Every structure is written in structure tokens, then in C-alpha cells.
Amino acid sequence: MLNARTPEGPLEEKWRHYRSTAKLVSSANRGKLHVIVVGTGLAGSSLAASLGEMGYRVTCFCFQDTARRAHSVAAQGGVNACKNYKNDGDTIFRMFYDTIKGGDFRSREANVYRLAECSANLIDQAVAQGVPFAREYSGYLSNRSFGGVQVSRTFYARGQTGQQLLLGAYQALMRQVAAGTVMLFPRHEMLDLVVIDGKARGVIVRDMDSGAIERHGGHAVVLATGGFGKIYYLSTLAMGCNGSAIWRAHRRGAFFANPSWTQIHPTCLPQSGDYQSKLTLMSESLRNDGRIWVPKKQADDRAPNDIPELDRDYYLERRYPAFGNLSPRDISSRAAKERIDAGFGIGPLKNAVYLDFSRAIREQGKPKIEEKYGNLFRMYQKITGVDAYREPMRISPAAHFSMGGLWVDYELMTTIPGLYALGEANFADHGANRLGANSLLQACVDGYFIAPSTLPNYLANEIKSGPVAVEHPAFVEGETTVRRQLEHLMGIQGNLPADYFHKMLGLILYDKCGLSRSQAGLKEAIVEIDSLRTQFYADLLIPGGANLNSELEKAGRVADYLELGELMCYDALTRNESCGAHFREEYQTPDGEALRNDQDFAFTSAWEWAGAGREPILHKEPLVFECVTPAVRSYK
Amino acid sequence: MSNSDRDPETGISLVDGPVENPDVPSTPSKEAKLRRVKRWLSGTLSQKNLMALTGLFLCFFLIIHLAGNLQLLLPTEVAQWQFNFYSKLLSENIFIHIISYVLFASIIAHALYALVITINNRRANGKRYEYDHRGASSKWYSRRMGLLGTVILFFLIIHLRDFWYEVQFGHLPVDKDGQEDLYTLVVTVYRNGWYVLIYVLCMIALGYHLLHGFFSAARTIGIYHPRYVNWIRVIGWVYSIGISAGFALVPIYVHFALT
Amino acid sequence: MRIQLKIWRQENRATPGQLANYDLTDVNPDMSFLEMLDTLNERLVRQRERPVEFDHDCREGICGQCGVMINGRAHGPLPNTTTCQLHMRSFKDGDIIYVEPFRATAFPVKCDLKVDRSAFDRIIQAGGFTSASTGGAPEANSMLIGHDVAEAAFDAAACIGCGACVATCKNSSAALFTAAKITHLALLPQGKIESRQRVRRMVRQMDTEGFGHCSNTEACQVECPQQISVLHIARMNWEYNRALF
């Protein structure tokens, strides 16, 4: 049984208690300690900068051409923090409860409480860095309500909150790079983790511009590499987002928690052809005024504006009268899929539903709607060529956020001592479903506040271990493994590009391990993925050389996805209940709602790599609820 | 800040230097001040500042010059006396003498800096585009300041040869009041149709040069508030059209009215 | 739709490159420009040829990684649009499309359409930050910032660092990029304290990187995907001139 090493004491005292008793490293010793940070999104940049300021030596990697492009940049909505500026009764406990309930009671109480506790401080930090949050005319910070909670606790910078927060962290990182405390390597991809005597001691990275394989040693390794939702191929993620760093750490012994829990976001642009590379996210805020519907008749080919009110099925309002169009993401997405699968989908591929603003425009006037959503309507027109003021938008669900990730304890340390996972790369705080505007929060809090407090507790024991020598046999072995894998991939010289396998894997996962899963489907999927993997290693084609070669990069990532996809299916298969984003068809109420089983499944699944071709090993971390009572999540 | 504060490889200044508070003026040492001025002079923005300041000075001079020229539009007898009187007034004024040195210095500095900047920009550009359609996103004359400036320089040489040189080193006849008869010199030159044509074309070039130059100079010295920016735009248009049309009008009028 | 492509191919930094011709016969007008390149690349891979390397990541116009010259214009024919948000419906059947990397001495070509824009990072390193360390930041509302000031700061801070301003500038000037960060921080009380040394250092770094002078042609503002105003450049000049005294 896994132990999260949560500190003793009442919930609200745990973090303070931890910080008061954790070991420290004196400033004189920090320069002797070397930390490797992989990823420069919110979690990675903020941690690297914070550690640099404290005096540690930091080496930081990202695969983008500059740290500022990490995918945190794309978050639109905002960041939650319980400041209670609106005097609407927000408290740390209420935020904690909202998050844990939104996660369908599948997250660790102490972690979620800490997230809420640190949230207020994050806003202070960001403001000090010059993040231009929206302000009232009085000069005070402005808030909005987001994701169906009852209080206004979301801070935002127009529709680019993620970008502004990331730039704040990036600038802090640049300051440390200039000061010489952080060495930054852009266009470097981590390809293996080096473990010496059971402790994470370094990474093997590839310079994506020159193709050089490099060894980097450190006293601790931090993975802040984001989510792996791109495994579905069509997703809201950036093209380069991948799960390779955490997957390779998993192969080296780090447990992988809840891999199958992927949030499928309800308001994305639908696929329009097989050339499509991504599904752009349209902010969830659109659902505040837009109404979602499909025609009542199957395969109704009339133009949307020609379909009279009587022939429209506002299915969210019908099924969930209390929350209607504002139902949580998992529920809205599932309802859309249900209609599309039943043959009521719209658009040329019959894969979408309408998001209609005609009533809002009628009632509030076009200028008001333009003021609220102008940039989104413009973006919609840019991409689809359709004017959404005249015609309803077409939207469909798309893979968005990985609630799962490397298993971490209270200190964000994985099962490998000295290896940490931060932000979306870990599994910690969102349970089975993430609430809107909590992802930015988690990444920032992990990077600015939590890891800088927990890392010294580990590093304090490393002061005497001296510099890490990259000549150690474990580094040699790591480099050899990486080289051999790259040569292997290059040497296959079959007939099909990596993207082909990626797309096929995406189809399997959307179909059988997506919005709804079944035992039969998952078993089929495991077989299909296995044979796809066999085909991959027989028929992959990578042209070009070993230097700058994006096909080689893609192939390595797809190779990992093909293993990770299988693990997702195993995970979904063993969880015989429906919770949050995980909906098993066998476990639903008579009217089609998720049926959670707290008796048997109140645990986190943490998977251990058993070796290629072997079934993964399941470990369980029981979820103990001392402060909240799991209740049925009803939005009716 | 000394050189040791900079990263030897990138030349980037290291950041943990003292913070200067803009509201509490610090008193840097004399050397530091000098160094700062030196550094300021070599920066791209400073070079643009010099272009702007010399340009704006030349703009001011054009007004004075035009005021003189417009006197040629008066009835012939009045114009001759008035114009010659004005010329005498200026040439005998010590203040104007000093200004004229500044003026030449400005012209030379403006042209030289333009050359330096152009060379630097060429260097910054690197390889050219095979297919270049960047012009679609800006006004042509804003991109052709160098060319327009060269036309103006060419004009200036002819202009100085024909008038300034004659006044300084030639032997001008005197009018009936004993003043040097610059008026007759000018009118004689303007009788030549080709000369007038070239003059007018050059004035068109000048107009475009001023149109962008005036506005650009205002930007360079840092006028950023949207309200002032609009004023600058309006003033710039009025000024540029006024100056170039005013200058062009004189030879046309003289050419057609007096021949 | 049928499209003829003329794409810049260059093996690496050292080798000279040239335009190569490709014919695509099956282009869907709803494809994005990058998806059209994906289609080409898939064909090239299947033909065992080296695919065209180009920068891209988020494909929703915010990461700033994509950016090529399309028919001689940065990010293509539409104003204020990133390459990833340009769609093939902006072209006609039978069009010839020139695709070249962003060019500037400070942006050396790495391979095909990929360029090295690390000069931008170094400009930020020279001073594009507030020296606020983690922890102990004062309560956010203790510093009041007017709505309009916050909005103006956001307008400047919205820069995605794509480099289109440099690519479209006849002088390859990075004035808009540098000015946007200087203005963003100079507008806010948190950033004002360091504004003098920031502007001096950032401008000096901009010069060291080998970018050209700003001629105020305003082309950058037209191509900038975030519509960053050229007035920020004037603001930078103001801050710079003020910092002398």
C-alpha cells in the first residue's frame, strides 16, 4: 500500500506544520546542490526561478525554442484564488470543498486543501511580477465566476491569463538565467532518467537542433512536463506536448497514477477533415450565454437557422434543469457524445452540436455579446470562416487535460527518491475531473510555493554527496539505451510516418477509452494497441538524419504513447465504477448518470512498470476522507 | 556599471546591480556620466534621436526659408526690393550667421547618420527574401526615406550652387537701393522651364520626406500619448503640404507670370 | 484546390539554401496553412524524402512559435494573424505560394523554415522583468492600479514573441518587441522602480544582437498577431531619452 506521507494534525494545520518541521538547507550549502528541472511551463519556470533565487544551481530544459512558449501559455479562462474580494463567503475550506467535489471525491484531501491555502499568495506573487490582471475602475483586482461554482474567485487577464502568468514566471526565470543561477537549455528533450542507488541523479537529453545526446547530473530531478492529452492526437494541446519524460521516468520505476482520467473539454471546434491536426478550445465562458442544442430529427440537413424552435433539442437544459448549459465539463461532454452517437450530430461529419447565441443576442443586444466574447467570435471566424453572430457555432468535445500523471506523495516526490513531478505531470489535486481555472493554480502553486519548500527536505541529506559525476555507469547505460532506441527507430525504414500511428492510436482511444468506456471495448483496445505497436516497430518510416529531424522526435513520442495508451486502458478496465471523467457504461444509473462506488474504489490507482510486454502492476493508495463526506454529484 | 558586471559571452549585464529610483535622482560620478553619454551616443535609438533632432531643426529652417521665398509672389517692383531687403537683413545678422553654421552641420550630420544607419540596417537584414511583398504593410514613402533624402541632397547641391555659391562667391549686381540683387538672379534661373520642372519634382520628394520625417521624428523623441500623436499627425500633414506646395508654387508662379 | 509551393529548403545553418517546388493537388480550403504543410510533409515522408522543417506548436495563435514569410509577408496575407491561424481559403485555386523563413541577421536560419530567435530571450534577460523574488509579496490589492493602466499594460504584455515584427521590418528592427516589454513594465508601479536601467540595458542588448533601427514605417503593427501598437516604440524612446538624465 502506498503511503503519501501526509503530515499529522488537523487539515488546516498540516502544511504549516510541515513547513515548520521540514529540513532546511543553509544558504552556504545551496550552491553545492544541483537541481534539474525539465519543462518551462508555469510549474517548471516558477520552480527553476525560485530555486535560483534561493541559491541552488539549476539546470532547466524545454523542447520549445524558448521557455516562454510552453503550453501553459494557451490557458484562457483564469486562475482561482480564494481572496474573498467579493465578500461572497469564499473561504479556503469552501474552495477546497468545491475542488474535491468537482473531482468526484477521488483526490487527496491534504493536497487539495494545501492548493486552496496557497492560492491567495499566488495572486500576490503574480501581481508583484507585473502580471496585468483585470482591474476595476477603482484600481482593485477584478474577479469573475467560472466553471459553475457559486462564488467569484477567478482572477483573469482578458482571455490570456495563462500567457500572462507564464510570462511572469518566464521573466523571473530569465532574470535568474542572466544572474547565472539557472542554466537554460531550450530545444532539449529529456529521453531518459538516470537512477543511481535508487535515487534520481540525472537525465539524458537530446539537443533537438544538433541531435547530440547529453548527460546532465543533479541531486534531484523535477519533471514539470505537462499533460499527455495529445495521446488522442486530436486534442486542445500543442503539437509538441508529450508524455515522454514522465513515461520514461515511469519505466525507470516511478509509479503512474490514474492514467485513464483525461478531461474531455465540451467546447472545442469539431474535426472538419482527416487532415486536421488539433481541435481548438473555445473558452468555457461561452456557455454562460450560449445554448447548446441538436435537431430533434436525426440527420436533419436543414441550415441551423431554418430549424424552428420546436424541432430543437436543448438536451443539457432538458436533462440537467438546475445547471443546464453550465453543467460541469465531464457531464456536458458526455451528454454531447450521447447525442452524437445517437445520430443527432450536426455538421458535415455529423460530429458536433450547436452552441447558439441567438437568444442572448436578442435579449442583451449584439454589442454586449461582442464586448464579452468578441475575441472568441473573431477566432471562430478566423478558423471556420463562419460569423457566429448570425449562425450558431459548431462545437464538439476534445481531449484537454490529464488528471492522471506520475504518482507523488505530499511532498510531490514520486516513488523514486529525488524525482519530483509538478503541475499537470503529476496526478495530485484534481481527482477524476478538474474544475475550470484550477490548472493554472496548481501549476503555479506547485512551482512557486510547494516544491521550493519540499525539495530542501530531501536535498538537506545530499549536501555531503558531492557533485554528481556523469561518468557513472548508470549514465553510460542511460545514454546507450537512448542511442540504441533512436537507432532502432531510424533503422526500421518501413513505409508509414509516425503521425499515421499516432492518429490510429487516437482513434482507438477516443472510441474505447474516451468519454465512455466498457469492459469489452477496453479489452479490445488493449489488443488493438498491442498490434498497432507491433506494426509501428515493423513499418515505421523516418527519413532524414540523426540531427534536426522532427520525424524522429515524433516517432519517439509515439513509441511512448503506444505504451502509455495501453496502460490507460488497463487503468480504465480495473476501475469498475464511473467517476468524473471516467465513465464506465456498465456502471450508470437507470437515467444514464455516473455511478460511483466509494465502497470499493476510493483509492488512487498507481501503476508500476513491469517490463515491456508484461501487464502493469497495480498499487493502491487509499483515499481517506476525514473532513468531507463523499456525496453524489448531482447537477439535476 | 563596469564591464565585469557583464556576461563575457553574451555581453548581457548581470542584474544584481543597484536599482536606480527615477524619483530620487542618484548622483553618478563624472566618469560614469561620461561613459553613459558615450554609450548613449552609440546606441541605435540615439542615432535615431540625432536624425530626429537635426531633421526637426531643418524643418524649422524651411519655414524661415519659405517666408523669404513667398515674398517673390508680391507684385514685381515690391518683390524685388522686399526680397533683396530680406536677404540683406539675414546676411548681416550675426545670429543668422551662427544659425547657418548649425544648419550646414545639421545637413551634413543628417546625411551622414542616414548613411551610417542605412549601412547598419543592411547588415541587420542579412539575406534578402526571394519574394518580397512586405511593402503591402506600410506606406511606400516611409520605406524610401533614403531615396527621397538622396533626391533632396542632389537638389540641395544644385540649389546651393545656383544661389548660395553665387551670393557668397559670385558678383551680384545691385538693385536701385544698392542692395545685392538676389531677386534678379532667382527670377533668371526660374525662367528655365527644365529647372522649374526639376525643382517641382524635388519639392514633391521633399513633401513626402517631410510627411514621414516629421511624424517619425516626433515618435523618435518619444511623443507617445495618443492625443499628441493625433496632433502631430495633423500638424505634420499641414506642415509638409504647406512647405512643399509653398516652395513649388514660387518658381511656377515666377516662371509663368514673368515670362 | 491546387497549390504550387515554392519553399525555402536549407539543410543546416552552414549550407546555402534554395527554393524548391512542390505541387499539391488536393488542398482543402478549410485546412489551416500548417495543415497544408503537414499534408505535404506526409507525402514527402512516404516518398522517403526529408520533410520540410517548420516551427509550430500550439496552433491556436498564442505560443508564438510558428511564423514564416508567405508570399513575401510575415504570417501571410492577412493582417494581425499568426501562420497557424491562416487558412487555405485565403488563397485561390492555382495560386503559387512562396514560403520562406523569417529573415534577419539576428535570426539565423537553423533548417528550412526554422529560425533561431533566442536573441529575444537575451533581450528579456537584460532587464525585461521586475526583480521580485518568490515569497513575501505584499497583498495584491495593496497596490491599486487603475483599470485603464492595467488594460494598457496588458495590451503591451500580450506580445507572443513570434518575431513577425522583425521579419516584416525593412531594417529588421526589434523595436516593437523590446518596446512592448519596456512599456508593459514601465506602466505598472511594480515595474516603474527599475524602468531606467531596464530601458538602457534592454536597448543595449537589442543593439548587441544586431537588430536594425526603427524607421517608424509601422509595418510591424500591421503584421503583429497581437496588434501591439507602435506607440509603445515611442514610449520606449521616451523612457530611453529620459533615462539619460
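The values are calculated or read from the model by the stated rules, or taken from the named source; none is laboratory data. The model shown is predicted, which means the values in this text are computed figures rather than measured ones. Note that we place each Cβ from the backbone using ideal geometry, even for glycine, and neighbour counts take in every protein chain shown. These area figures cover heavy atoms from the full protein model, side chains too; ligands, DNA and RNA do not enter into them. Shrake-Rupley method; radii C 1.70, N 1.55, O 1.52, S 1.80 Å.
Annotations for the structure displayed:
- Contact annotation: residue pairs with Cβ atoms under 7 Å, 6 or more positions apart or on different chains, pairing a residue in region C:141-163 that is more than 8 Å from chain A (Cβ to nearest Cβ) and on the phi < 0 side of the Ramachandran plot with a partner that is of a type in the set (S, T, Y) and open to solvent by less than 30 Å² (accessible area, probe 1.4 Å), are C:A156/C:T183; C:C162/C:T82.
- Taking residues in region C:50-70 that are without any contact (Cβ under 8 Å) to a residue 24 or more places away in the chain, and partners anywhere that are among the β-branched types (V, I, T), the pairs with Cβ atoms closer than 7 Å and at least 6 places apart or on different chains are C:P51/C:V45.
- Residue satisfying condition, being under 21 Å from the mean Cα position of the chain (by Cα), of a type in the set (G, A, S) and at pLDDT below 95, within set A:G39, A:G78, A:G44: A:G78
- For region C:39-54, the criterion of being within 14 Å of chain B (Cβ to nearest Cβ), closer than 27 Å to A:G545 by Cα, surrounded by fewer than 20 Cβ atoms within 10 Å (Cβ to Cβ) and modelled with pLDDT of 95 or more is satisfied by no residue at all.
- When A:E551, A:E563 are checked against the criterion of being touching a residue at least 12 places away in the same chain (Cβ under 8 Å), closer than 29 Å to C:R13 by Cβ, open to solvent by less than 60 Å² (accessible area, probe 1.4 Å) and not small (G, A, S), a single residue qualifies: A:E551.
- Any strands (runs of 3 or more DSSP E) falling wholly within region A:181-237 and containing at least 3 residues that are farther than 18 Å from A:P467 by Cβ, at pLDDT 95 or above and not acidic (D, E): A:188-196
- If you filter region C:128-140 down to residues that are in contact (Cβ under 8 Å) with a residue 40 or more places away in the chain and either more than 7 Å from every other protein chain (Cβ to nearest Cβ) or of a type in the set (S, T, N, Q) (or both), you find that the one that is farthest from B:R122 (Cα to Cα) is C:S131.
- The one condition in (1) buried (at least 22 other Cβ atoms within 10 Å of the Cβ); (2) assigned to a loop (DSSP other than H, G, I, E, B) that C:V99 fails to fulfil: (2)
- Qualifying residue in region A:333-353 (condition: touching a residue at least 40 places away in the same chain (Cβ under 8 Å), more than 31 Å from the chain's Cα centre (by Cα) and outside the structural domain of A:D104 (by TED's automatic domain parsing)): no
- Residues that are touching a residue at least 60 places away in the same chain (Cβ under 8 Å) and basic (K, R) within region A:499-532 comprise A:K503, A:R517, listed in sequence order.
- Going through (1) charged (D, E, K, R); (2) more than 14 Å from chain B (Cβ to nearest Cβ); (3) open to solvent by 50 Å² or more (accessible area, probe 1.4 Å) one by one, C:E60 falls short only on (3).
- All conditions in (1) of a type in the set (F, W, Y); (2) part of a loop (DSSP other than H, G, I, E, B); (3) in contact (Cβ under 8 Å) with a residue 40 or more places away in the chain hold for B:Y131, with the sole exception of (3).
- Any hit, region B:218-241, residues being in contact (Cβ under 8 Å) with a residue 40 or more places away in the chain, more than 14 Å from chain C (Cβ to nearest Cβ) and not acidic (D, E): yes
- Yes/no for B:T150 being assigned to a helix (DSSP H, G or I), modelled with pLDDT under 95 and among the polar types (S, T, N, Q): no
- Elements of type helices (runs of 4 or more DSSP H) contained in region A:1-97, each with 1 or more residues being in contact (Cβ under 8 Å) with a residue 12 or more places away in the chain and surrounded by fewer than 18 Cβ atoms within 10 Å (Cβ to Cβ): A:14-21, A:27-30
- Test for A:G592: is it among the small types (G, A, S), open to solvent by less than 30 Å² (accessible area, probe 1.4 Å) and within 25 Å of the chain's Cα centre (by Cα): no
- Positions within region C:203-236 being within 7 Å of chain B (Cβ to nearest Cβ), of a type outside the set (D, E, K, R), within 16 Å of the chain's Cα centre (by Cα) and surrounded by fewer than 24 Cβ atoms within 10 Å (Cβ to Cβ), in sequence order: C:V222
- Among the residues examined, A:L349 qualifies as over 21 Å from A:Q263 (Cβ atoms), within 14 Å of chain C (Cβ to nearest Cβ), touching a Ser or Thr at 6+ places or on another chain (Cβ under 9 Å) and not hydroxyl-bearing (S, T, Y).
- Any chance A:Y85 is among the aromatic types (F, W, Y) and under 30 Å from A:S285 (Cβ atoms): yes
- Among (1) more than 14 Å from chain C (Cβ to nearest Cβ); (2) open to solvent by less than 20 Å² (accessible area, probe 1.4 Å); (3) out of contact with any strand residue (DSSP E or B) (no Cβ under 9 Å at 6 or more places or on another chain); (4) not hydrophobic (A, V, I, L, M, F, W, C), the one test that A:N288 misses: (2)
- Hey, C:D121 open to solvent by less than 20 Å² (accessible area, probe 1.4 Å) and either among the polar types (S, T, N, Q) or away from chain B (no Cβ under 13 Å) (or both) or not: no
- Residues of region B:118-145 satisfying the condition of being surrounded by 15 or more Cβ atoms within 10 Å (Cβ to Cβ) and either polar (S, T, N, Q) or closer than 26 Å to B:I108 by Cβ (or both): B:T118, B:N120, B:N121, B:A124, B:N125, B:S137, B:S138, B:Y141, B:S142, B:R143, B:R144, B:M145
- Residue list for region B:219-259, filter: within 30 Å of C:D148 (Cβ to Cβ), assigned to a helix (DSSP H, G or I) and not β-branched (V, I, T): B:R219, B:P226, B:R227, B:Y228, B:N230, B:W231, B:R233, B:G236, B:W237
- Selection status of C:L187, more than 7 Å from chain B (Cβ to nearest Cβ) and either under 25 Å from C:S118 (Cβ atoms) or not charged (D, E, K, R) (or both): yes
- Failed item, numbered, when A:R334 is tested on (1) touching a Phe, Trp or Tyr at 6+ places or on another chain (Cβ under 8 Å); (2) modelled with pLDDT of 95 or more: (2)
- Subset of region A:121-153 that is open to solvent by 30 Å² or more (accessible area, probe 1.4 Å) and at positive phi - its residue that is farthest from the other protein chains (Cβ to nearest Cβ): A:G148
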